[in-house]
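Single-structure report; data block below.
Please treat every number below as a calculation from the coordinates, not as lab data. Every value quoted in this text rests on a predicted model; they were computed, and no experiment measured them. Reconstructed Cβ throughout: ideal geometry from the backbone, glycine too, with neighbour counts over all protein chains shown.
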Amino acid sequence: MRLGNVLEMVARVESGQGEGEGSWIDGRMVCVLAGGTESPAKYTAAGVSYVPAGITTAPHTHEAEEIAYVVSGSGVIEIDGSEIAVNVGDVVLVKSGLPHRTWASETESLGVFWTYAPPESVIRWLESAEKGR
């Protein structure tokens, strides 16, 4: 089952053509590809986050272990107080329950494909998007 093309999604958002791709939540575009109550994926969640240049996300935690793969740009992923510089191609693991946040560099945006399990954690993004409408 094809869920979408991450690189095409990020390119559309970066070019300003990304309306409808996802929802702006806490300063970034969040596009849930799988997971949540209406998804065919039962045991995992996946999506894309796009963080504009110079923007930092709010610190957050979740039960799930998260794997983040940088598909565009550069920035920092802070996990439990440790800063990890990231660039295209980098893969980062965020262990369950650790506070983390992401920020894009001052000069370029950051596109991240993420996946985690269990999928219930994605429901918070979907609920945030509903409240924002």
Once fully extended, how much extra length lies between Asp90 and Val76, figured as 0.36 nm per residue of separation less the alpha-carbon to alpha-carbon distance?
-> 3.9 nm
Total charge of the residues flanking Ile84 in space, meaning their Cβ is under 10 Å from its Cβ, with Lys and Arg +1 and Asp and Glu -1, is -3
Residue-count net charge about Lys95 - beta-carbon cut-off 10 Å; Lys, Arg +1, Asp, Glu -1 = -3
Neighbour net charge for Gly54 - beta-carbon separation under 13 angstrom, K R +1, D E -1 | -1
